[in-house]
Amino acid sequence: MAEDLGRYLRHEPIRARPDALAYRAAKFLRRYWLPVSAAALVIASLSAGLYTASHERAIAERRFSQLRQLSNKIFDLDEDIRDLPFNPGPATSGFGCSGIPGWLAPAALAIWT
């Protein structure tokens with residue numbers, strides 16, 4: 001009985017009570033609440049960080065895919081414009097795209113910027 005009283009005062013499981021996992025876990029948490037809380041906080045922080053990183057990666061991949069599709073459309077448009085019969089050659093307005101006629105370059109620059 002004296003041993004159980006000492007264990008009770010130290011928040012340890014006593015022997016006079018049936019041994020149950022929930023009882024032992026409650027006593028353990030009562031004794032070591034600070035390290036357990038710190039570990040739970042670290043795990044929660046890491047989980048939140050991993051979720052955020054995964055979410056941002058998905059957004060970046062989606063935006064990259066959209067940019068790739070837009071880029072392919074622009075290249076296809078440039079090839080189509082190069083094949084037009086009235087193409088005088090490189091743009092003269094400093095746009096720098098060889099497939100756009102000089103008279104169309106300012107409009108293209110206004111649309112694509």
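Values quoted throughout were computed directly from the atomic coordinates according to the rules given, and no laboratory measurement underlies them. Because the structure is predicted, anything quoted here is derived from the model rather than measured. Cβ coordinates were reconstructed from backbone atoms using ideal geometry, including for glycine residues, and neighbour counts include every protein chain displayed.
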| request: Could you please report the charge total around residue 25, scoring K, R as +1 and D, E as -1 over all other residues with beta-carbon less than 15 angstrom from its beta-carbon? | output: +3
| remark: Binned at 5 Å starting from 0, the alpha-carbon pair-distance distribution of region 2-85 in whole percents comes out as 3, 12, 10, 10, 7, 7, 7, 6, 6, 5, 5, 4, 4, 4, 3, 3, 2, 2, 1, 1, 0
| Residue by residue, what Karplus-based ³J(HN,Hα) values in Hz, rounded to whole numbers, does region 68-84 have, using 6.51, -1.76 and 1.60 with θ = phi - 60° and x for Gly and Pro? | 5, 5, 5, 4, 5, 5, 5, 5, 5, 5, 4, 5, 5, 5, 4, 7, 5
